[in-house]
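Everything on this sheet refers to the single structure shown next.
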Amino acid sequence: MIDGGSGYTPSSTVTLKIGKPIGGIGTVFKADIIDRVGTLGIGSDVIIGINTESIKIGQTLKAIPNILDTSTTVIGIAATDGGNITLSKSASNTVEFVNGFEFGRYQEQSLAAATASVNSSGIVTLTSITTAGAGYTSSTLPTVIAPLPNVQKELISGIRFVEGFAGIITGIGTTSGTGGNPLALKFNVSFDANADFDKLLNEFLEKFRNPIWGLDSSLSYKNSIIKLLKQMAEIGQESSVSDIGVGIACARTAILGAYLNVKINCQDLSDKKYTKKILTESSTIKDQAIAMESMILKIVENKIEKKNRNE
């Protein structure tokens, strides 16, 4: 075993996936000797003019459609170089057949199956072959893979609220898990059992409303990157005017992303009046960004068209 993994259900049994034997599943021809050229007369049971070295009585010939089937074997051998081989049955060829014959054996190949035992720590330890299969070799080992362990989920419940931004967790330890899991994390949290959770949550979110005002400030026309982009589009170097278009597109994308972030996070606010106020403000900022983008892109396009006409 290369690696026993972890996270499996303790003291359980898992089914292993074993690769196919070389050649696949079903009736497979294993060649020992290939491309021994000889001549097979019409409907004959003898191959003549063939090198018989290393060919053995009892070997099977690889089937040739409409000439030799899979049950044809070698029953007689005469001479070595340019010798003859007698077959167990007559061939079905209607014309003389000169070809490279293959000698070996047919065998039935089937897929093996196995299971593995998991110890109390969720690690695979022992394997057991339940079906040996057929066609495998010790020189070419098949792949054996255990399935990924099922993800164990534990629902954290009963946390009434979290206090402040820092010092929330006062300690981390371990405890017994649930659902067969031997270990779980335990968080020690300091809180006031009489506190109003909804009020604390709104106060917490209120402290993080600054990014909204920061966004508003960055959009204010007297001090913003959009104002700078508009000035560059109007009086900047004409050869770089397309870069201004890229800049305003990036700025507009950033603002739209921030707007969507505000919109989805407002779902957690219980103060509906405050939520409406924030959504209205962020929507106004978003609309301003789209309008400014349209205006600046129009300046950029006019300058590009004018430059093209002059050239």
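The values are calculated or read from the model by the stated rules, or taken from the named source; none is laboratory data. A quick note: this is a predicted structure, and the numbers were derived from the prediction, not measured. Cβ coordinates were reconstructed from backbone atoms using ideal geometry, including for glycine residues, and neighbour counts include every protein chain displayed.
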(request) Can you work out which of the residues in the stretch 18-57 that are part of a strand (DSSP E or B) and on the phi > 0 side of the Ramachandran plot is surrounded by the most Cβ atoms within 10 Å (Cβ to Cβ)? (result) G49
(request) Identify, by number, the condition in (1) modelled with pLDDT under 85; (2) under 21 Å from S283 (Cα atoms) that E203 doesn't meet. (result) (2)
(message) Considering only the stretch 242-259, I want to know if a residue exists there that is modelled with pLDDT under 85 and surrounded by fewer than 18 Cβ atoms within 10 Å (Cβ to Cβ).
(response) no
(request) Filter the stretch 76-122 down to residues that are among the β-branched types (V, I, T) and either surrounded by 12 or more Cβ atoms within 10 Å (Cβ to Cβ) or under 30 Å from G177 (Cα atoms) (or both), then give me how many there are. (result) 6
(request) Kindly provide the set of residues from the stretch 263-284 that are surrounded by 12 or more Cβ atoms within 10 Å (Cβ to Cβ), within 39 Å of the chain's Cα centre (by Cα) and assigned to a helix (DSSP H, G or I), ordered by number. (result) K263, N265, C266, L279, S282, S283
(request) Kindly indicate whether T60 is among the polar types (S, T, N, Q) and surrounded by fewer than 14 Cβ atoms within 10 Å (Cβ to Cβ). (result) no
(request) State the number of residues belonging to the stretch 71-98 that are within 30 Å of K20 (Cβ to Cβ) and either touching a Gly at 6+ places or on another chain (Cβ under 7 Å) or of a type outside the set (G, A, S) (or both). (result) 3
(message) Quick check on the stretch 6-17: of everything there that is within 23 Å of the chain's Cα centre (by Cα) and under 11 Å from S121 (Cβ atoms), which residue is surrounded by the most Cβ atoms within 10 Å (Cβ to Cβ)?
(response) Y8
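Quick grid of which residues meet (1) in contact with a strand residue (DSSP E or B) (Cβ under 6 Å, 6 or more places away or on another chain); (2) outside any helix (DSSP H, G or I); (3) modelled with pLDDT under 90:
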site: K222; (1), (2), (3): no, yes, yes
site: L228; (1), (2), (3): no, no, yes
site: Q231; (1), (2), (3): no, no, yes
site: E234; (1), (2), (3): no, no, yes
site: N261; (1), (2), (3): no, no, yes
site: K286; (1), (2), (3): no, no, yes
site: A289; (1), (2), (3): no, no, yes
site: L297; (1), (2), (3): no, no, no
